[in-house]
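Just so you know, all these numbers are worked out from the coordinates, no wet-lab data involved. This one's a predicted model, so the numbers in the text were calculated from it and none came from an experiment. Positions of Cβ are backbone-derived with ideal geometry, glycine not excepted, and every protein chain shown enters the neighbour counts.
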Amino acid sequence: MTLTALLLLAALQDAGQAIVIAPETPAPAADNWRRIASSATRAYFVNIGGKTEAGGVTRVNVAAVPLEAEDAGDQSHMLDTYEVRCAAAEYRIVRSVDILADGAEDAPFDDPEAAWEDVPAGGIAPAAKQLACGEADTEEGYPTLAGFMAKR
């Protein structure tokens, strides 16, 4: 605490004011969408900037973005929330939602009790696990998905 803050606290105490000091809350990390794969029609991204960890489970969002848009400004894509147990090499998808062209969510499906599965050898899940668990990184990243979408 700075000297100025200490002097202010002392002045408030002398004036009979109640003082409540709240613990610092860490600022949320900035989005950092990393491209992990592509198909003929979609690019796949993991948001490592928004990952959270609790109780041995790491949570990340994985987006499947069409490589071509129907209109300029089209934000449509699919968004899945993966939970990963890094040490056990297990994952599950606990939320899926379609994002419409205007950015609104359509028909979200939450499955907080989804069964855990072993991470397979190929596909999106192992790439998502590697980024979520800090086992690998990719060079291509975007602070927002809109940044990628604007370039397609």
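Whole Å is fine, so just give me how far the alpha carbon centre of segment 33-47 lies from that of segment 102-130.
Result: 14 Å between the Cα centres.
Around D98, what is the net charge, scoring Lys/Arg as +1 and Asp/Glu as -1 over all other residues with Cβ under 9 Å from its Cβ?
-2
Would you mind giving the three semi-axes, in whole Å and largest first, of the ellipsoid equivalent to segment 49-106 according to its Cα gyration tensor?
Working from the Cα gyration tensor, I get semi-axes of 28, 10, 9 Å.
Using only alpha carbon pairs under 8 Å that are at least six residues apart, calculate the relative contact order of segment 27-152 and give it in whole percent.
25
If we count every other residue with Cβ under 10 angstrom of E83's Cβ, Lys/Arg +1 and Asp/Glu -1, where does the sum land?
With Lys, Arg at +1 and Asp, Glu at -1, the neighbours total +3.
Counting Lys +1, Arg +1, Asp -1, Glu -1, what net charge surrounds E117 among other residues with beta carbon under 14 Å of its beta carbon?
Charge balance near E117 sits at -3.
Based on the mean of other Cβ atoms within 10 Å per residue, sort peptides 99-110, 83-94, 48-59 so the most packed one is first.
Output ranking for 99-110, 83-94, 48-59: 83-94, 48-59, 99-110.
How far, in nm, would the chain grow between E140 and R152 when pulled straight, counting 0.36 nm per residue and subtracting the alpha carbon separation?
2.9 nm
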